[in-house]
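The block underneath contains the structure these notes are about, expressed in structure tokens.
Since every read-out is calculated from the coordinates, none of them should be taken as a lab result. Since this is a predicted model, take the numbers as computed values, not measurements. Neighbour counts are summed over all protein chains in view; Cβ atoms, including those assigned to glycine, are modelled from backbone coordinates with ideal geometry.
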Amino acid sequence: MTASIIDGKAFAASVREDVAARVGQLKKSTGITPGLAVVLVGEDPASQVYVRSKGKQTVEVGMNSYEHKLGADISEADLLALIESLNDDPAVHGILVQLPLPKHLNEDLVINAINPAKDVDGFHLSNVGLLGTGQDSMVPCTPLGCLMMLRDHHGSLSGMEAVVIGRSNIVGKPMAQLLLGDSCTVTIAHSRTKNLADVVRRADIVVAAVGRPEMIKGDWIKPGATVIDVGINRIAAPEKGEGKTRLVGDVDFASAAKVAGAITPVPGGVGPMTIACLLSNTLTACCRANPETSAA
Amino acid sequence: MLRDVTRAAMIDGKAIAARLRAEAANDAARLAEEGWQPRLVSVSVGDTAAADLYVRNQQKSAESAGVAFEARSYPHETSPYQLIGILQGLNADPRVHGIIIQRPLPAHIPVKALQKAVHPLKDVEGMHPASIGNIVYNDLALGPCTAVAAVEIMKTLPLKIEGLDVTIIGHSEIVGKPIAFLLMGLGATVTVCHHMTRSVAVHSRAADAVFVAVGKPGLVTGEMIKPGAALIDIGINRVDGKTVGDADFDSCARVAGWITPVPGGVGPVTVAVLMQNAVLATRMQKEHYQQSFASTNNG
């Protein structure tokens, strides 16, 4: 059996189209344009690429993008003051502080200074707790993207056995919450788990988020299972020439694709969904901030 | 190492509770000397008969832990806005360090709105979204009392939690899920089952420790337990005038290595954890006050 490939690029494009259509409607009926503020501190090249791509996609779906680029030496007080002004700005519905921050800034303090209703990354403690208690919250983008792909592929997830590998705050833990919310039986496996292969073999749904290249092998996968690979690892690719690299996931794609029912590739799987979900969260935040738009 | 026995060892919740209360009493006495006598306020609304037993238990436990305890009751027709106002008053009152909202509440009172109105530093029941968020992020501050109690009991057993296979039956927001996150933080491999789980027995039989919190008497039977495993029963049900848990005690006790009785297991530990939270909340408020005062002085 050969797995069907879940095309994250195409699915993300359809999510963006849907967001764009709803933004258009919202503007027409209320005159409100959702706005996303992205704060970038310092010159980290990877972060610059992300921020550019977020800004571009924000504008493409018809929302306002506000970029705040700050020097690496900005003081915590100045950064907090900026966040406070964004919290108070009615044109800004979503605030994203690109992580990681330079070492002299306290990330927890900064993230928790964002108004939870504008915290489109879903990292604020209140959002974590709201998700944990099944209330309206902002859901972190990567696990939300995974859930949307799973729902799109399966319809209902109710009663399925899910194994999440990795217990990070930004992927593993919220992913487990979301799968429980969709009535899966959920096991969270991690570096301390005994017999990881056996645990994974029970699963109808495997979500891998450990950050270890090609760790999960095909013979760990139950035949027909759905495999969502969140990992993005850069490894040496001598076959492409000296010093060349390529991206791989946490799953050994070649062997897993022979066993799984469906699998996300890396790149082109979960990755593109993350920004699409960020845009979707921004629209959600805008609608919640303007209850009269609840139809949108 | 699971226990190899013909009958499970009974976990003595009252003894564990007494130890936790004694620790809390020590801390409370020290705080009182420093001018910070821990004080809890319990808020009941409407017909309080159902909650009276809990309130009395909490009051007794508070007395022995050196925590001041004040029970307030409000009439049934109190509006949610009035109650939120009352909670804001308690939030602002520096003599009050912890607020307990007794359940059940009248149907017209949205319990989650009240829990959100309690200041996170005074949230001794661990129900505020920020408290739950802390638990998920593995920063153990004020946790939901029942969940923390179940984990405290687990810690008294000679089992290494890191790498332990644990099955939790029931995924409620204030018990099942917080237990899952607390144990995951301690390194256990956790599986959460619930009413949509195809076969709970497959998971419970594979587990070194089983936690059950569903509210269905007799849900867990001996053949669902791995011989020698720990069984922590969080259910409290009334059957034929008797209080029983979610486990069929007799059949489970023949298979399990350790088992909590109901009553006398998780229940008393839960009240003791409330006292520990009261002390912890007082200490956090003291530190918060001192930090704010210091920064005002400097600024």
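Laid out as a table, the results:
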quantity	calculated
For chain B: rounded, prolate or oblate by the Cα gyration tensor [a/c cutoff 1.5]	prolate
Degrees separating the helix A:141-154 axis from the principal Cα axis of chain A, which is the longest one	50
Residues with amide H under 5 Å from that of A:Ala37, placed H, sequence gap 5 or more	A:Tyr66, A:His93, A:Gly94, A:Ile95, A:Leu96
Least to most buried among B:Leu186, B:Leu140, A:Leu179 (fewest other Cβ within 10 Å first)	B:Leu140, B:Leu186, A:Leu179
Exposure proxy order (Cβ contacts within 10 Å, fewest to most) of A:Ile95, A:Ile205, B:Ile236	B:Ile236, A:Ile205, A:Ile95
Paramagnetic reach from A:Ala254 in the range A:163-207 [backbone N under 12 Å; point 7 Å along Cα→Cβ]	none
Residue mean of other protein chain beta carbons inside 10 Å, A:127-139	6
Percent breakdown of C-alpha pair distances by 10 Å bin, ordered from the shortest bin, for the range B:182-233	23, 59, 18
Net charge of Cβ neighbours under 13 Å - reference A:Met149; Lys, Arg +1; Asp, Glu -1	-2
The range A:28-115: C-alpha gyration tensor shape, a/c 1.5 cut-off, then a/b vs b/c	oblate
Rel. contact order, % - alpha carbon contacts under 8 angstrom, at least six apart, the range A:28-115	40
DSSP loop GluC sites (Glu not before Pro) with at most 16 other Cβ within 10 Å: longest gap in chain A	A:44-241
Packing-based exposure ordering (other Cβ within 10 Å, fewest first) of A:Leu70, A:Leu109, A:Leu26	A:Leu109, A:Leu70, A:Leu26
Diffusion coefficient, µm² s⁻¹, Stokes-Einstein with Kirkwood Rh over alpha-carbon pairs of the protein assembly as shown at 10 °C and 1.306 mPa s	61
Between helix A:45-60 and chain A: long-axis angle, C-alpha atoms, 0 to 90°, nearest 10	70
Computed magnitude of the charge dipole of the range B:32-121 (debye, nearest 20; Cβ of K, R +1, Cβ of D, E -1)	240
Mean separation of Cα contacts under 8 Å, 6 or more apart, over the residue count of chain A: relative contact order %	22
Local electrostatic count, A:His124, Cβ distance below 13 Å [Lys/Arg +1, Asp/Glu -1]	-3
Cross-link reach list, lysines versus B:Lys14, counting only Cα pairs under 27 Å and skipping chain neighbours closer than eight places	B:Lys60, B:Lys122, B:Lys155, B:Lys160, B:Lys177, B:Lys216, B:Lys226, B:Lys242
Of B:Pro110, B:Pro38, B:Pro227, the one that fluctuates the most in a GNM where chain B has Cα springs shorter than 10 Å	B:Pro110
Loop trypsin sites (Lys or Arg not before Pro), the range A:97-155 (other Cβ atoms within 10 Å of the site Cβ: 12 or fewer; DSSP)	A:Lys103
Length-normalised contact order for the range A:141-273 - Cα pairs under 8 Å, 6+ apart - percent	23
Sum of -39500 (n - 2.57) over DSSP H runs of 4+, divided by residues of chain A (222 nm, nearest 500)	-12500 deg cm²/dmol
DSSP bridge orientation in the protein assembly as shown - percent antiparallel, rounded to nearest 5	15
For the range A:139-196 and the range B:49-92, distance of Cα centres in Å	38
In the range B:33-117, the GluC sites (Glu not before Pro) that fall in loop regions by DSSP, at most 12 other Cβ within 10 Å	B:Glu34, B:Glu77
Rounded if a/c under 1.5, otherwise prolate or oblate - the range A:140-199, Cα gyration tensor axes	oblate
Qualifying trypsin sites (Lys or Arg not before Pro) for the range A:194-288 [loop in DSSP, other Cβ within 10 Å: at most 11]	A:Lys244
Amide H partners (placed H, <5 Å) of A:Ala225, local residues excluded	A:Gly261
Local electrostatic count, A:Ser14, Cβ distance below 12 Å [Lys/Arg +1, Asp/Glu -1]	-2
Antiparallel DSSP beta bridges within the range A:28-115, as percent of all bridges there, nearest 5	0
Fluctuation leader among B:Pro217, B:Pro261, B:Pro178 - chain B, Gaussian network, Cα springs under 10 angstrom	B:Pro217
Straight-distance crosslink candidates among lysines, where the alpha carbon sits under 27 Å from A:Lys9 and sequence neighbours closer than 8 are dropped	A:Lys27, A:Lys54, A:Lys56, A:Lys118, A:Lys173, A:Lys217, A:Lys222, A:Lys240, A:Lys244, A:Lys258
Most mobile listed residue (A:Ala285, A:Ala237, A:Ala21) in chain A, GNM with C-alpha springs under 10 Å	A:Ala237
Rounded to 5, the percent of DSSP beta bridges in the range A:141-273 classed as antiparallel	20
